[in-house]
Amino acid sequence: MGSEFLLFPTFWVQEYNVESENDLGCIFWVNLDKEIFIVEDSWFCCYVMVRTPLGESLIFPCYRWLCEKEIISVREGSAKRPFDDTLPDFQLHRLNELQERRNLYRWKVWNPGTTKCIKAESEKDLHLDVKYDGERQLDFNKSLNLSMADLFLTRLVNMIENSWDSLESFRRIFCRVKSDVGVYVSNHWMEDWFFGYQCKNGCNPCLVERCREIPKNFPVTNAMVWPSLKGSTLEQEIQKRNIYIIDYKILDGTQGNVISGKQQYVVAPICLLFQDPQNRLMPIAIQLRQQPGPNNPIFLPSDPENLWLLAKIWVRSSDFQLHQVLYHLCATHLLGEVCSVATLRQLPAVHPVFKLLIPHTRYTLEINTRARIDLLGESGIFARVIASGGPGLLSVTQKACQALTYRSMCLPDNLLDRDVEDLKDYFYRDDALLIWSAISKYIKNLMGLYYTSDQNVVEDVELQAWLKDLVQEGLSEIPLYDWPVDFHSREEMNKFLTMVIFICSAQHAAVNNGQYDWSCWVPNTPCTMREPPPTSKAVPSMEEIMDTLPDISQSAVQMAISWHLGRPLPKQISLGTFEEMYFIEPEAIKVQTAFQQELKEIEKRIEERNSGLELKYQYLQPSKIESSISI
């Protein structure tokens, strides 16, 4: 009998007719290999379709590269749990696939006290299956230099230690900015209400929390904040749930970078904020170091304008450091990489959880491998321009990884612990909860097709091995605190899977996509501070503020790298876009379609909300959320 095999390479479709004298019966997998022809020419196979003489079509999802001397064995596309495969041949197929992947994808300790990563010295060591495609690779390699040229920054990079002469002089590199939000920032960054707005809806919306009592190391008195509270007291406003706080204690003790022989400075501020009757979040007290004392004054809005402005700039610079290291690098990129490696090592392609998660691992291993060299390496961007780079980076990263508790990674728990349900106009919270809920519902309905009881979850040895590898290996360098090491129920599994997909898509979008918007006006979010923080209430001159802010070279690099990392990407695959057909069952496809419809409704809801806002919050519109961490 004859069967027709359809192979879908990168740019075209090739059909093969395979004849067999015998009835093939049921076809459970196909083997694919490609011989070298003159030169190595790898092919990318999306899937194989087998059409039998009876008109039946069988789909074998692949989505892998065919390389010389490599045979790929692809199972038929129906999702199978390990206990569904009772025949020895099927069990052996699963074991062989996992053994092959465990040889390809190995754990490595990047830095002691941080999450583990993929064993690769550079992106060249990665298998083709997890690398950028040609278009993405070309775009990434060229975009930083293109941004320097497009923003007219190239000539400024060598102007090391040259200070700007005034705040207005920053507009010399700002004139070609293509960001409506960035322009808005440049016009409002000095205003107190806007400082508070960024704590809610800026590039780092995850630190603000309700203040239940004034910390002992932050001796703010009623007399200090009486003008800001319009005659009320701290005790009264705390009782009314109107007092909030941001605390950068993780940065305490961080050794500042040394750039071109000049010391840079990092502080660990505490900032108190008041939600006023107009629902604005207003800063009312700032202490730049953790330990109170005569050389660590509390700065107030009633202080002279330049002094209060400098205190806020110091907080914003600390926010840049903590945002980049904790909330962006550790809580999305590094944790997403741990999930990606565990998925590749422990779940065969036929497993339903592999099919669920693999779209959310796309390109993560390559971008992180590149980042460890280009951004975090000895000659990377952090070492060149960022205050917490150089010798302080390891200690900050270690402290940040210690903060990766399971509750902090689960959005509803995180918001509950920060007690921010009464925080007004907190668009990140509102939109993130919509996305979390949609993902949770999607996973519950999809996994419900394959796990009909808690016992199914308990007995899935591959699923349990995945969780153990993720937590006990990937997170073995950090305290595990509340991280689960096994699943006892569908509810536990579904929540964990929701967390994984959320951080690999929506959470990354929330802390990544606005980098250029909020950092292109450099004084708003300085990557470094070049003079020590004030130790008294002596009023600084504008020249002294300019000498503290990033120099011309550092400003140019900050603008370019924030554009490079936060820009829209070519061929972006948005959350809910299923270009790769891993699930083939009609019931599963129906669940995916319902998920897509819910995301469209969320998109419409956000757009309607934004239509009435002067400054729109768009980072969590589903169409702007990439389904994986790829930049």
- prompt: Once both axes come from the Cα atoms, what is the angle between helix 427-447 and the longest principal axis of the chain, in degrees from 0 to 90, rounded to 10?
  reply: 20
query: Dipole of the chain (Lys/Arg Cβ +1, Asp/Glu Cβ -1, origin at the Cα centre): which of V266, V74, L98 lies farthest to the positive side?
result: V266
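Evaluate E = 1/(1 + (r/R0)^6) for L416 and T452, where r is the Cβ-Cβ distance and R0 equals 25 Å; express this FRET efficiency to the nearest 0.05.
Values: r = 30 Å, r/R0 = 1.22.
So the FRET efficiency works out to roughly 0.25.
Mind checking the dipole of the chain: about its Cα centre, +1 per Lys or Arg Cβ, -1 per Asp or Glu Cβ, Debye to the nearest 20?
Working: 63 positive and 82 negative charges, 327 e Å.
For this selection, approximately 1580 debye.
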- prompt: Angle between the Cα long axis of helix 192-201 and the longest principal axis of the chain, 0 to 90 degrees, nearest 10?
  reply: 20
field: Scattering curve values for region 150-273, log₁₀ I(q)/I(0), Debye with Cα scatterers, q = 0.15, 0.17 Å⁻¹
entry: -0.99, -1.12
message: For region 299-375, take every pair of Cα atoms, bin their distances at 5 Å starting from 0, and report each bin as a whole percent.
response: 3, 13, 16, 14, 11, 9, 8, 6, 7, 5, 4, 2, 1, 0
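Below 8 Å between Cα atoms, with a sequence gap of 6+, how large is the relative contact order for the chain in percent?
Details: 1085 pairs, mean separation 125.0, N = 631.
20 percent.
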Burial order of peptide ranges 604-612, 491-499 (average beta-carbon count within 10 Å, highest first): 491-499, 604-612
- prompt: Under a straight-distance cross-link criterion of Cα-Cα below 17 Å, which aspartates and glutamates are reachable from K230, leaving out those fewer than 8 residues away in the same chain?
  reply: D192, D276, D303
message: Taking 8 Å as the Cα distance limit and 6 or more residues as the minimum spacing, I'd like the relative contact order of region 388-537 as a percentage.
response: 28
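Do any trypsin sites (Lys or Arg not before Pro) in region 226-276 lie in a loop, going by DSSP, with at most 15 other beta-carbon atoms within 10 Å of their beta carbon, and if so which?
Working: sites: K230, K240, R241, K249, K262; in loops: K230, K240, R241.
Within region 226-276, the qualifying trypsin sites (Lys or Arg not before Pro) (loop, at most 15 other Cβ atoms within 10 Å) are K230, K240.
Counting other C-beta atoms within 10 Å, which of K178, K131 has the fewest, and how do the rest follow?
Numbers: K178 12, K131 18.
Lowest count first: K178, K131.
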query: At q = 0.20, 0.21, 0.27 Å⁻¹, what log₁₀ I(q)/I(0) does a Debye calculation on the Cα points of region 467-544 give, no solvent, two decimals?
result: -0.97, -1.02, -1.27
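Please give the calculated 222 nm ellipticity per residue for the chain, where each DSSP H segment of at least 4 residues contributes -39500 (n - 2.57) and the sum is spread over every residue; nearest 500 deg cm²/dmol? Before the final figure, lay out the partial values.
On the way: 23 runs with 242 residues, N = 631.
Theoretical 222 nm ellipticity from helices: -11500 deg cm²/dmol.
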task: Mind jotting down the distance between the C-alpha centroids of region 52-80 and region 250-297, whole Å?
output: 57
- request: Over 15 Å, how big is the tail of the calculated P(r) for region 527-618, in percent of all Cα pairs?
  value: 78
- line: When the charge dipole of the chain is computed with +1 on Lys and Arg Cβ and -1 on Asp and Glu Cβ about the Cα centre, the Cα farthest towards its positive end, among Q290, T397, L475, belongs to Q290
- prompt: Are there chymotrypsin sites (Phe, Trp or Tyr not before Pro) in region 550-631 that DSSP puts in a loop and that have at most 16 other Cβ atoms within 10 Å, and which ones?
  reply: F578
message: Bin width 10 Å, origin at 0, all Cα-Cα pairs of the chain: what percent of pairs per bin?
response: 3, 15, 25, 24, 17, 9, 4, 2, 0, 0
query: Which angle between 0 and 90 degrees, to the nearest 10, do you get for helix 134-150 versus the longest principal axis of the chain when only C-alpha atoms count?
result: 20
field: Sequence-separation-based contact order of region 20-139, relative, with Cα cut under 8 Å and 6+ spacing, percent
entry: 19
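FYI, it's all coordinate maths here, none of it is from the lab. Here the structure is a predicted model, which means the values were calculated and not measured. FYI the Cβ positions are ideal-geometry reconstructions off the backbone, even for glycines, and counts take in every protein chain you see.
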